[in-house]
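Since the structure comes first, as structure tokens, the remarks are kept for the end.
The values are calculated or read from the model by the stated rules, or taken from the named source; none is laboratory data. Source: prediction; values computed, not measured. Glycine gets a Cβ as well: all are built from the backbone with ideal geometry, and neighbour counts include every protein chain shown. Ligands, DNA and RNA are stripped out before the accessible areas are found, and what is left, the full protein with its side chains, is counted by its heavy atoms. Shrake-Rupley method; radii C 1.70, N 1.55, O 1.52, S 1.80 Å.
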Amino acid sequence: MNDRERQFIEGIINIGDRRIHNRCIQLLFHGQDTAGRDERGLYKKNDYVVALENAVRTNFSGRHYQGLFSETYMVFESLFATYLEHLNPEKLREIEDLKNWLFVTAGRFCNSNRKKINELLGIELGDYYEEYDDGLKAKENDSNSIEEEFTPQVKTSGINIKKFDDNEDSEPTDDLTDQPDTSDWAASLLNIYIGKINNEYYRDLIRAIKIEGVPVETIAEEYNKSEDDIYRDYNRAWDKLLQVTLPDIKIRSKSLFKKYESKLDDRQARILNKFFFGGYDISAIARSEKINQNELERAIIKAYKVLLRTAKHETELDKKEKRKEAREQRHLEKEEASKRKKS
């Protein structure tokens, strides 16, 4: 590994400094952001991005994944980034050929966690899949082969991750027998997405309010703004966050759209139907709607927020109805108890 790659690895290891860590994660999975300050991310790929993309394409190239590469890569990124955070730092520092290590390790990771990735993509293949052969299985004693050695278990969203142990040799597994706490994975994923927002002020607002729980009045004082200004800016920042998470929304929110489509106007319903089920990427949908990509993304987010508000309202109504039923049940039980006493 050269000096630049060593600095790169140290940045990935350094999860205590989220600014540096997220910057390195972005470079690893997407490359250099060449867009303007407030523009949507436009990335120039490096060798490491190409290695990871090739590993994902090699493993997920069948007919079930046609037209889904961006979604598949997004799911892989969210899981593999967390996996890297749990690796023993010394093992990462021992890497000699980073590009090759990424390709082989990512390929093995895709194989081991295929069920989880398919689950998040909403793809059901049963027990059948074509296993990726990295060419190293027959070379276990080869000094050039890559070892995946980890020890005590740290489970993250269905991925069984182990840290380094000199007496144990294993690869990541997709054992989903136990359902682990997903809080670490969710927090890591949120941090990755926040790091993709180009506006630093927006990133700081989301981290302060959503993650750290800093009072709005404290933030307003720090930036010499009114609380109303901070709330307005936060809402804009949240829209930006939703915009960079659109691939994730496309995967996870289809059922939400099906359930509450009737709450949307005709244009919103048409756009979201294309987005969730049309089989086209964002740019193609934008052309069909005769608007630019940024306008389309804002339209998708606006419609998606209608779905979220509707779901929240319906949930609150359900809770209210359940509380009412519980009160009525308690009242009936008291009446029955009173009648039994009198009799």
Q: Looking only at region 28-69, count how many residues are in a helix (DSSP H, G or I), modelled with pLDDT of 80 or more and open to solvent by 30 Å² or more (accessible area, probe 1.4 Å).
A: 6
Q. For residues in region 287-343 being farther than 25 Å from S262 by Cβ and hydrophobic (A, V, I, L, M, F, W, C), which is modelled with the lowest pLDDT?
A. A337
(Q) One residue is enough: does region 188-195 have a residue meeting the conditions modelled with pLDDT of 60 or more, of a type outside the set (D, E), open to solvent by less than 50 Å² (accessible area, probe 1.4 Å) and more than 30 Å from W101 (Cα to Cα)? (A) no
Q) Would a scan of region 255-274 turn up a residue that is under 23 Å from H30 (Cβ atoms) and not hydroxyl-bearing (S, T, Y)? A) no
Q. Looking at (1) touching a Lys or Arg at 6+ places or on another chain (Cβ under 8 Å); (2) free of Cβ contacts under 8 Å to residues at least 24 places away in the same chain; (3) more than 19 Å from G67 (Cα to Cα); (4) not acidic (D, E), can you tell me which one L307 breaks?
A. (2)
Q.
Quick check on my filter: what residues within region 284-302 are part of a helix (DSSP H, G or I) and open to solvent by 40 Å² or more (accessible area, probe 1.4 Å)?
A. R287, S288, Q293, N294, E295, R298, K302
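So that you can scan it fast, the table gives a plain yes or no per residue for (1) among the polar types (S, T, N, Q); (2) surrounded by 14 or more Cβ atoms within 10 Å (Cβ to Cβ); (3) closer than 28 Å to T72 by Cα:
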| residue | (1), (2), (3) |
| --- | --- |
| S255 | yes, no, yes |
| E261 | no, yes, yes |
| F276 | no, yes, yes |
| H313 | no, no, no |
| K320 | no, no, no |
| K341 | no, no, no |
